[in-house]
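> This structure is in structure tokens; I'll ask about it shortly.
The values are calculated or read from the model by the stated rules, or taken from the named source; none is laboratory data. Predicted model only: the values in this text are computed from it and were never measured. Note: ideal-geometry Cβ built from the backbone for every residue, glycine included; neighbour counts use all protein chains shown.
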Amino acid sequence: MPFLVGLGGTMRFGSSNERALKIAMEHAAGLGAETLLITGARLDLPTYDPALDPNAAAQYVIDAVERADGLILASPSYHGGMTGLLKNALDHLEALRDRPRPYLRDRPVGLIATGDGWQGPNATLQALRLTVHALQGWPTPLGIAHNVVDEGVDAARPQLRLVAEQVLDFAQARVAAVA
């Protein structure tokens, strides 16, 4: 089964965004995927500087992403974009540029954006899509922009499971194609 990595972009333990990512990742694990969830303090990396070698925390994220067959990214909306925490982690993927699996090349990436209202999560989802394309990944057809004020995270459970299924399906097809 494929190996999926979930990266969540908030420091607030138990946030609605973290819960949404956990729902998707737990569903993928329930379907047999090997999963790794990296959120909060594990994602709190030093500011990316191309002149410096990654520290141990950044290297942990870089190695996990390099090994991943697919990813799920989740971010609360911060002023219409993803959190600096998640963006910084994605910036560290520059370390993969010269490796056999550069950036997110040819890997499916599910996207989850949450927020208090509709405008922010939709803008954040767009920002996530653009960033994944820039990193040569494949955003899944279904991305979640969820207003947690109107409905809590549990209301999005069916859609979050579908995102996990799409990532898993595309990752399995990719693994089979290169085997």
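> Read through the list (1) of a type in the set (Gly, Ala, Ser); (2) over 16 Å from the mean Cα position of the chain (by Cα); (3) under 18 Å from residue 128 (Cα atoms), then give the number of the only condition that residue 16 fails.
Going through (1) of a type in the set (Gly, Ala, Ser); (2) over 16 Å from the mean Cα position of the chain (by Cα); (3) under 18 Å from residue 128 (Cα atoms) one by one, residue 16 breaks only (2).
> Okay, next question. Return yes or no: is residue 135 among the aliphatic types (A, V, I, L, M), without any contact (Cβ under 8 Å) to a residue 60 or more places away in the chain and out of contact with any Phe, Trp or Tyr (no Cβ under 8 Å at 6 or more places or on another chain)?
On the way: among the aliphatic types (A, V, I, L, M): yes; without any contact (Cβ under 8 Å) to a residue 60 or more places away in the chain: yes; out of contact with any Phe, Trp or Tyr (no Cβ under 8 Å at 6 or more places or on another chain): no.
It is false that residue 135 is among the aliphatic types (A, V, I, L, M), without any contact (Cβ under 8 Å) to a residue 60 or more places away in the chain and out of contact with any Phe, Trp or Tyr (no Cβ under 8 Å at 6 or more places or on another chain).
> Would you check which residues across region 5-32 are farther than 26 Å from residue 172 by Cβ and among the β-branched types (Val, Ile, Thr) and list them?
Passing the criteria: only 10.
> It is to be established whether one or more residues within region 162-171 are of a type in the set (D, E, K, R) and over 18 Å from the mean Cα position of the chain (by Cα).
no
> Let me ask something additional. Restricting to region 36-56, what's the tally of residues that are among the aliphatic types (A, V, I, L, M) and crowded, with 17+ Cβ neighbours inside 10 Å?
Selection size over region 36-56: 5.
> Separate question: I'd like the residue in region 57-80 that is in contact (Cβ under 8 Å) with a residue 12 or more places away in the chain and charged (D, E, K, R) and, out of all such residues, is surrounded by the fewest Cβ atoms within 10 Å (Cβ to Cβ).
My answer is 67.
> A follow-up question, please. With the requirement that a residue be under 20 Å from residue 148 (Cα atoms) and touching a Lys or Arg at 6+ places or on another chain (Cβ under 7 Å), what does region 44-91 give you?
Scanning region 44-91 gives no hits.
> Something else now. Considering only region 95-112, state which residues are free of Cβ contacts under 8 Å to residues at least 40 places away in the same chain and on the phi < 0 side of the Ramachandran plot.
Across region 95-112, the qualifying residues are 96, 97, 98, 99, 100, 101, 102, 104, 105.
> Considering each residue of region 20-43, count those that are at pLDDT 95 or above, charged (D, E, K, R) and not in a strand (DSSP E or B), and give that number.
Number satisfying all stated conditions: 2.
> Okay, next question. Quick one: residue 126 ticks every box in (1) touching a residue at least 24 places away in the same chain (Cβ under 8 Å); (2) surrounded by 14 or more Cβ atoms within 10 Å (Cβ to Cβ) bar one, so which box is it?
(1)
> Same structure again: Give the residues of region 6-19 that are part of a loop (DSSP other than H, G, I, E, B) and surrounded by 20 or more Cβ atoms within 10 Å (Cβ to Cβ), sorted by residue number.
9, 10, 15
> Of all residues in region 44-63 being part of a loop (DSSP other than H, G, I, E, B), of a type in the set (A, V, I, L, M, F, W, C) and in contact with a Pro (Cβ under 9 Å, 6 or more places away or on another chain), which is nearest to residue 128 (Cα to Cα)?
45
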